[in-house]
Amino acid sequence: MSEADTLPGLFTASYRGQEFFVPDTSSAPGRRTLEYLYPGIDRPDYDDFGLLPADIYVDALVIGDDYIAQAKALEAAFNTPGPGTLIHPWLGAMTVMMLEPAEILFSARELGAARVSATFRRIDAGAAIAASIVSTAATLIAAASSVGDAASALAAAPEDATISAVQSLAAGRSARVAGAVWTGLQSGAAASAIAAVAA
């Protein structure tokens, strides 16, 4: 696809080196928040869990006499595992993963063109991903220890940390469930399995 092929009003983008035209694209920035609603209390509470995953939505076209071959090449790029490079017409180059299937549409009413819809999730470079995967098991072990400590504290006096009878009952049940999970994690088989993954 050359600059001479570019149609008015369309910008060129590419994924894993396969080019396509982009009439429309959008992204979904924001933060992950969780709202807590309590019985008998008018004011909700919120927890901020950090940035939302950065998803990029692309509606694209492949156009030309070889549009079927272009669509097949783009399909192969979509089917390739692992992170890839998306050259976005407005946001530039970024490393992305495909978390859901793309859609390639052929129509008898649009011979010479195929429509493509894809959702990409922007991620850090591959080295950071590999490091986070390796450290996941260690993080799980640390989190399990924290859950055990929290369960012990909550089980000792759940009513001290709650403001209503309903919350007190829920806190007591949560403490029992967390305690059971923690006991299971401390068993030899679970601990050795987690340690093996972390090694």
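Of the residues Ile41, Ile87, which single one is exposed (fewer than 15 other Cβ atoms within 10 Å of the Cβ) and on the phi < 0 side of the Ramachandran plot? After ruling out the rest, the residue left standing is Ile41.
Enumerate the strands (runs of 3 or more DSSP E) found wholly within the range 51-131, keeping only those where 1 or more residues are touching a Ser or Thr at 6+ places or on another chain (Cβ under 8 Å) and closer than 21 Å to Arg32 by Cβ.
On the way: elements: 54-63, 84-88, 92-97, 103-106, 113-122.
Strands (runs of 3 or more DSSP E) meeting the threshold: 54-63, 92-97, 113-122.
Consider the range 27-48 and keep the residues that are part of a strand (DSSP E or B) and of a type in the set (Lys, Arg). The one that is farthest from Gly92 (Cα to Cα) is Arg32. Residues of the range 73-107 that are under 13 Å from Thr119 (Cα atoms) and of a type in the set (Asp, Glu): Glu100, Glu103. Selection of the range 90-114 for residues being surrounded by 15 or more Cβ atoms within 10 Å (Cβ to Cβ) and of a type outside the set (A, V, I, L, M) yields only Thr95. Screening Phe78 against (1) surrounded by 16 or more Cβ atoms within 10 Å (Cβ to Cβ); (2) under 18 Å from Pro29 (Cα atoms); (3) not β-branched (Val, Ile, Thr) leaves a single unmet condition, (2).
Quick grid of which residues meet (1) modelled with pLDDT of 90 or more; (2) of a type in the set (D, E, K, R):
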site: Asp5; (1), (2): no, yes
site: Thr12; (1), (2): yes, no
site: Tyr15; (1), (2): yes, no
site: Ala28; (1), (2): no, no
site: Phe49; (1), (2): yes, no
site: Ile63; (1), (2): yes, no
site: Ala71; (1), (2): yes, no
site: Phe78; (1), (2): yes, no
site: Ala93; (1), (2): yes, no
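The values are calculated or read from the model by the stated rules, or taken from the named source; none is laboratory data. Since we're looking at a predicted model, the values are computed, not measured. Cβ coordinates were reconstructed from backbone atoms using ideal geometry, including for glycine residues, and neighbour counts include every protein chain displayed.
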